[in-house]
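Notes follow once the structure below has been shown.
Read-outs: derived from the displayed coordinates by stated rules, not from any lab. Remember, it's a predicted structure, so these values are computed and weren't measured experimentally. Cβ: placed from backbone, ideal geometry, glycine included. Neighbour counts: every protein chain shown.
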Amino acid sequence: MAAQTGRALSAGVIGDPIAHSLSPAIHTYWLKEHRIDGTYVPIRVPREDFADSIRDLHQKGYRGVNVTLPHKEAAFALANWKDEFATKTGAVNTLVFEKNQIKGYNTDVFGFAENLRASLNPVESYIDSCLVLGAGGASRGIIQALLSLGARQIFLSNRTQSKAQQLVEEFQSLTSGASPVSCIAWENRHEPLRDVSLVVNATQLGMIGQPELDLRLDTLSKHAAVTDIVYKPLKTPLLVDAEAAGIRVADGLGMLLWQAALGFEMWFGPKPTVTAALRRHVESFL
Ligand code: ATR
């Protein structure tokens, strides 16, 4: 039991819908583990009420919040200060309330990179050349994370090619020499498989209720790895196929756990760890 100090620290997660968020399970686990007198609650806020409810929570003395759909861009606009990855991705998923300002962070980039580091050892041998499928909200951060880990070449393929092309151009403008990111037509997405060491599903395909991602892995090297941002189910059809072919996988839950660690530290103090016990606890809520 945490000591009851009468000065409980509060944080939460804001989204709409929010009932199925796993973040309360993660943070409540760490609060108990570190014997902190604190709470972390889900807060459902419709799009139009976001700014008012942030002001209200700030005034009430909350330490900050995680921000999820549909508020990540609004959180970016509202933050007075932003970290490097929030600035680069245009999306904020973590707000930290200080006396006279609200700081915005994007911890998804760190979460994706740390999950790869923890699941694929040594990560350097998997990330030289990567295929990323999807050019939606998650992809920009994933590409940032791959580049920060040292990726030399990233093939990006998306059903709507113009969105992939736009991302390619954004990354091109950030680099002086040849761009590490190039676009592959969706119907040609199998072509880079024989050359890449990592495949990332950054679409929602494979999620419960969604169609499967159609990707045949027969030309992918046995020394490559596959990762998925989808974690419901934990083992997506893509990851099941990869494991059946003897290819290493990193599931999407790890990214969620690792991104949560940064917010916890900023709001509550201690640096939490992502352990097998935490994973088992959170998996019981899936
Ligand atoms: P997120 O924030 O999770 O990335 P998003 O921005 O809606 O969500 O992006 C969803 C991604 O899944 C997009 O890359 C989308 O492709 P489009 O840009 O063509 O919409 C991809 N996606 C969703 N359904 C798909 C389908 N049936 N086939 C192929 N790609 C799909």
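Please list the non-local residues whose amide H lies under 5 Å from the amide H of CYS183, H modeled 1.01 Å from N, same-chain partners needing a gap of 5 or more.
LEU156
Cβ neighbours within 10 Å, averaged per peptide: list 155-162, 181-188 in order, most packed at the top.
Descending packing order for the listed peptides: 155-162, 181-188.
Highest mean first, how do 32-38, 92-98 rank when packing is the count of other Cβ atoms within 10 Å averaged over residues? Could you put the intermediate results ahead of the total?
Numbers: 32-38: 15.9, 92-98: 23.3.
Highest mean packing first, the order is 92-98, 32-38.
Once phi is turned into θ = phi - 60°, what whole-Hz ³J(HN,Hα) does the Karplus curve with 6.51, -1.76 and 1.60 give for every residue of the stretch 188-194, x standing for Gly and Pro?
Residue by residue, the stretch 188-194 yields 9, 5, 6, 4, x, 4, 6 Hz.
Search the structure for amide H atoms under 5 Å from the amide H of TRP81, placed 1.01 Å from N in the peptide plane, and list their residues when 5 or more places away or on another chain.
HN-HN under 5 Å from TRP81: ILE102, GLY104.
Could you give the distance between the Cα centres of the stretch 164-233 and the stretch 43-96, to the whole Å?
One Cα centre to the other: 29 Å.
From the helices alone, meaning DSSP H stretches of at least four residues, give me the mean residue ellipticity at 222 nm for the chain, per-run term -39500 (n - 2.57), in deg cm²/dmol to the nearest 500. Walk me through the numbers before you get to the answer.
Details: 10 runs with 105 residues, N = 286.
Only helices count here, giving -11000 deg cm²/dmol.
Set the bar at 26 Å for Cα to Cα. Now go through LYS103/LYS163; LYS60/LYS103; LYS88/LYS235; LYS82/LYS232; LYS99/LYS271 and name every pair that lies beyond it.
Table pairs above 26 Å Cα-Cα are LYS103/LYS163; LYS88/LYS235; LYS82/LYS232.
Restricting to the stretch 1-160, what percent of DSSP beta bridges are antiparallel, rounded to 5?
Here the share of antiparallel DSSP bridges comes out near 30 percent.
Using the crude model of +1 on Lys and Arg Cβ and -1 on Asp and Glu Cβ, and no other charge, please compute the dipole size for the stretch 156-227 relative to its Cα centre, in debye to 20.
Values: 6 positive and 8 negative charges, 21 e Å.
Here the size comes out at about 100 debye.
Ordered by residue, what ³J(HN,Hα) values in Hz, to whole numbers, does the stretch 275-286 give under the Karplus form 6.51 cos²θ - 1.76 cosθ + 1.60, where θ = phi - 60° and Gly and Pro are x?
Residue by residue, the stretch 275-286 yields 10, 4, 5, 4, 4, 4, 4, 5, 4, 5, 9, 6 Hz.
How large is the charge dipole for the chain, taken about the Cα centre, if only the Cβ atoms of Lys, Arg (+1) and Asp, Glu (-1) carry charge, to the nearest 20 debye?
For the chain, the charge dipole is close to 640 debye.
Order of 60-66, 265-271 by packing, highest average Cβ count within 10 Å first?
The packing order, highest mean first, is 60-66, 265-271.
Given the chain, what percent of its DSSP beta bridges are antiparallel, to the nearest 5?
15 percent
Can you list the residues, at least 5 places off or on another chain, whose amide H is less than 5 Å from the amide H of ALA250, using H built in the peptide plane?
Excluding prolines and chain starts, which carry no amide H, the hits are VAL226, THR227, ASP228.
In whole Hz, what ³J(HN,Hα) sequence does the stretch 114-129 give by Karplus (6.51, -1.76, 1.60; θ = phi - 60°), x for Gly and Pro?
Here the 3J(HN,Hα) series is 5, 5, 5, 4, 6, 9, 10, 10, x, 4, 4, 7, 10, 10, 3, 10 Hz.
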